[in-house]
Amino acid sequence: MDNGPAFISKALDRWAYEKSVTLDFSRPGKPTDNAFVKSFNGRLRHACSNTHWFLSLEDAWAKIAAE
């Protein structure tokens, strides 16, 4: 993940710790470190989240699976 404010919060850090998730940050100024993820997120946003409102995580999964 990048080093944006949403990804360096204490709440995310605590959630990751409680779920045993390892957070792996990209190097500052190196967008190629996570190019695949940025590309995937852009395509997903274009195909789904710009056209649908999601009421819950389950609703999002159902709508994305139907695409």
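Taking the condition of being surrounded by 11 or more Cβ atoms within 10 Å (Cβ to Cβ) and of a type in the set (D, E, K, R), how many residues in segment 14-67 meet it?
So the answer is 6.
Output the qualifying pairs, or none if there are none: Cβ atoms under 8 angstrom, residues six or more apart or on different chains, first residue in segment 1-19 and closer than 19 Å to VAL37 by Cβ, second residue at pLDDT below 70 and open to solvent by less than 100 Å² (accessible area, probe 1.4 Å).
MET1/PHE7; LEU12/ALA6
Considering only segment 6-60, how many residues are touching a helix residue (DSSP H, G or I) at 6+ places or on another chain (Cβ under 9 Å) and of a type in the set (Phe, Trp, Tyr)?
3
The values are calculated or read from the model by the stated rules, or taken from the named source; none is laboratory data. Here the structure is a predicted model, which is why all the values come from computation and not from measurement. Here Cβ is always computed from backbone atoms with ideal geometry, including for glycine, and neighbour counts include all displayed protein chains. With ligands, DNA and RNA removed, areas are computed over all heavy atoms of the protein, side chains included. Shrake-Rupley method; radii C 1.70, N 1.55, O 1.52, S 1.80 Å.
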